[in-house]
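J.: Take a look at the following structure, please.
The values are calculated or read from the model by the stated rules, or taken from the named source; none is laboratory data. Source: prediction; values computed, not measured. Note that each Cβ is placed from the backbone with ideal geometry, even for glycine, and that neighbours are counted across all protein chains shown.
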Amino acid sequence: MTNDNDKTKKNGGVFQKILDKVEIIGNKLPQPVTLFAILMVVVLLLSWVFSGVSVLRPGTGADTGEPAEYIVVENLLTKEGIQQIFTRMVDTFAEFPPLGLVLVVMLGIGVAEHTGMINVALKLFISKVPKKLVTFSIVVAGMLSSVAVDAGYVILIPIGATLFLGMGRHPLAGIAAAFAGVSGGFGANILPTGLDPMLAAFTEPAAQIIDPAYTVNPLSNYFVMAAAVPLVGIAGTWVTEKIIVPRLGEYNPSGENSSNEKEDESSKKITPRERKALNWSVISIIFILILVAIAIIPADGILRGGFDEDLGKHSFRPFYDSIVPIMFLIFLVGGIVYGLVSKTIKSDKDVSDMTSKSMSTMGLYIVIAFVAAQFVAYFNWSNLGSILAVKGSEGLTAIGFTGIPLLIGFILVSSLVNLIMGSASAKWALLAPIFVPMLMLMGYSPEITQAAYRIGDSYSNILTPLLPYFPLVIVFVQKYDKKAGIGTLIAMMIPYAIAFMIARIPKFIIWVLIGIPLGIEGPLYYGEEENKDETAAHYIIEEDANTNQTEFAENTFVIGSIEAKREELDYIVEEAN
């Protein structure tokens with residue numbers, strides 16, 4: 001709980017009592033730094049206990065025609081393992097993905113914040129946007145932020161807290177709404193993101209285990225993912241307003257931040273100088289965006305890559321990889337222009353002081369990032385996560401589900417695996433070779449399996465401390481409630497996870513039953529598009545058939561087998577419908 005007065009504001013009921021218990025138990029856990037250190041030791045011991053345990057790597061072995069490969073638990077307490085731990089410790093920390101991203105963006109945000117630009121912009125936003133739409137806007141903006149890779153964690157979550165605080169509401173509710181959108185709504189977007197081609201790159205070779213000529217369009221899930229945006233936005237808004245806000249109650253700031261926060265509350269009116277400074281700041285940001293557009297619109301633009309045969313155009317990968325530096329420049333330049341016009345910046349020393357002040361608030365996060373990076377590395381090096389994922393998928397297969405129950409089971413397994421493996425691509429690399437061929441033989445397309453995975457890989461993100469950005473969110477929470485811990489955050493996010501699961505799974509099943517395409521070249525069923533089977537037939541004929549008369553009978557047999565397979569798939573589809 002955030003403070004004693006808040007407790008009296010909470011609604012009763014069984015569900016709220018369960019959340020209270022979760023928060024109490026979770027907050028009894030050690031501090032995040034200590035917890036990750038303990039988990040490091042646990043992983044080391046488990047790698048020793050289960051050393052040599054192995055599973056067949058999905059997509060290899062006699063059934064696939066590929067040489068058998070095995071995933072083996074690596075003992076990290078051997079001489080080689082200990083050497084790896086010590087020799088790679090610094091690189092593991094320095095290369096921890098969230099670390100550089102967070103610190104670079106925070107340099108720019110520090111200038112924009114301490115000059116007053118962000119505060120004035122948010123006050124203007126609050127005055128213009130109806131209060132009923134603020135929460136919905138935060139949740140939806142969180143989903144859309146995945147276009148900027150992981151920048152939503154760094155930028156949108158603290159903005160959500162500031163927005164709610166400026167409206168006289170509890171800032172933790174703003175953090176929860178933003179975190180739910182950014183992480184719990186992961187994958188739902190009305191814009192294509194880097195995740196689309198990344199997942200398709202794993203789905204296609206998995207599909208080719210059954211059909212060597214099968215191709216997967218990177219936008220094959222676009223329709224079903226875009227349709228989830230308003231649904232998740234509504235669900236996130238309902239949870240925030242009906243559960244989280246009543247649960248948290250009124251915010252009573254205390255401690256060293258109290259005076260600053262009260263001052264922000266009492267000075268909502270924007271002065272003419274502030275408005276003028278904000279206008280010039282917006283102009284400078286627009287100028288930067290124009291330069292970015294010039295760099296990405298032409299096919300040979302500075303931030304365009306080589307020609308991508310899958311997309312049929314030059315890649316945007318350099319632009320995607322540059323989003324964080326671009327956002328850094330937007331906040332830095334916008335903040336400096338605002339500060340010069342508003343007179344909050346009088347010399348270059350002021351800018352330097354602002355950036356250093358911003359970094360001084362990140363000390364706890366840097367410490368947490370160090371131990372979290374080591375834990376994640378140990379877990380990956382030991383292969384424990386990969387083996388758990390394969391065993392879980394094998395368990396689902398052994399149950400014998402078919403059709404819709406199998407899709408639902410696969411979504412649930414994906415969400416459970418998500419609790420122990422943070423990387424979306426790493427999980428899909430393991431699960432795709434198992435489930436894509438299996439569901440193809442049941443008549444389901446690779447695209448529908450990929451869509452089911454993306455749903456399972458979303459709503460449980462907000463519940464796992466193994467999420468790389470989870471420590472950062474805890475730091476944001478503790479800015480407003482120094483007594484908050486892991487339990488506080490998980491208790492806030494459980495209702496979102498349940499609501500998103502309830503919203504997305506039934507919607508997906510209804511989508512499948514109605515028969516709406518999943519996206520561009522996104523069929524629901526394998527063989528639904530006639531050219532899929534024809535392509536496979538041509539592939540086999542080109543590889544195995546010769547014009548030689550002596551082999552004519554064999555070629556006829558191959559073609560006949562293909563036709564028989566097509567009839568079998570048609571029957572499976574009819575049974576599924």
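J.: Check Leu156, Leu219, Leu195, Leu199 and return the single one that is hydrophobic (A, V, I, L, M, F, W, C), under 25 Å from Ser358 (Cα atoms) and modelled with pLDDT under 95. Full working, then the answer.
T.: Values: Leu219 fails: under 25 Å from Ser358 (Cα atoms); Leu195 fails: under 25 Å from Ser358 (Cα atoms); Leu199 fails: under 25 Å from Ser358 (Cα atoms).
Residue meeting the stated conditions: Leu156.
J.: Okay, moving on. Looking only at helices (runs of 4 or more DSSP H) that lie completely in the range 357-457, which have at least 1 residues being at positive phi? Show your work before the answer.
T.: Working: elements: 363-382, 384-399, 403-417, 424-441, 446-456.
Filter on the range 357-457 gives 403-417.
J.: What's the number of the only condition in (1) without any contact (Cβ under 8 Å) to a residue 60 or more places away in the chain; (2) crowded, with 21+ Cβ neighbours inside 10 Å that Asn380 fails to meet?
T.: (2)
J.: Quick check on my filter: what residues within the range 385-409 are at pLDDT 80 or above and buried (at least 21 other Cβ atoms within 10 Å of the Cβ)?
T.: Leu406, Leu407
J.: While we're on this one: Take Ala491 and tell me if it is at pLDDT 90 or above and either assigned to a loop (DSSP other than H, G, I, E, B) or out of contact with any Ser or Thr (no Cβ under 9 Å at 6 or more places or on another chain) (or both).
T.: Numbers: at pLDDT 90 or above: yes; either assigned to a loop (DSSP other than H, G, I, E, B) or out of contact with any Ser or Thr (no Cβ under 9 Å at 6 or more places or on another chain) (or both): yes.
Taking the combined requirement at face value, the residue satisfies it.
J.: Report yes if Leu124 is buried (at least 23 other Cβ atoms within 10 Å of the Cβ) and in a helix (DSSP H, G or I), otherwise no. Let's see the steps before the verdict.
T.: On the way: buried (at least 23 other Cβ atoms within 10 Å of the Cβ): no; in a helix (DSSP H, G or I): yes.
When the stated conditions are applied, Leu124 does not pass them.
J.: Of the conditions (1) at pLDDT below 85; (2) farther than 27 Å from Tyr153 by Cα; (3) not charged (D, E, K, R), Met327 clears all except one; give me its number.
T.: The single condition Met327 does not satisfy is (2).
J.: Out of all the residues in the range 220-250, which are on the phi < 0 side of the Ramachandran plot, in contact with a helix residue (DSSP H, G or I) (Cβ under 6 Å, 6 or more places away or on another chain) and not in a helix (DSSP H, G or I)?
T.: Of everything in the range 220-250, those that are on the phi < 0 side of the Ramachandran plot, in contact with a helix residue (DSSP H, G or I) (Cβ under 6 Å, 6 or more places away or on another chain) and not in a helix (DSSP H, G or I) turn out to be Ser220, Asn221.
J.: Take the range 437-466 and flag every residue that is more than 19 Å from Pro405 (Cβ to Cβ) and surrounded by fewer than 22 Cβ atoms within 10 Å (Cβ to Cβ).
T.: Across the range 437-466, the qualifying residues are Leu463, Thr464, Pro465, Leu466.
J.: Determine whether Gly52 is in a loop (DSSP other than H, G, I, E, B) and surrounded by fewer than 17 Cβ atoms within 10 Å (Cβ to Cβ).
T.: Numbers: in a loop (DSSP other than H, G, I, E, B): yes; surrounded by fewer than 17 Cβ atoms within 10 Å (Cβ to Cβ): yes.
For Gly52, the condition - in a loop (DSSP other than H, G, I, E, B) and surrounded by fewer than 17 Cβ atoms within 10 Å (Cβ to Cβ) - is met.
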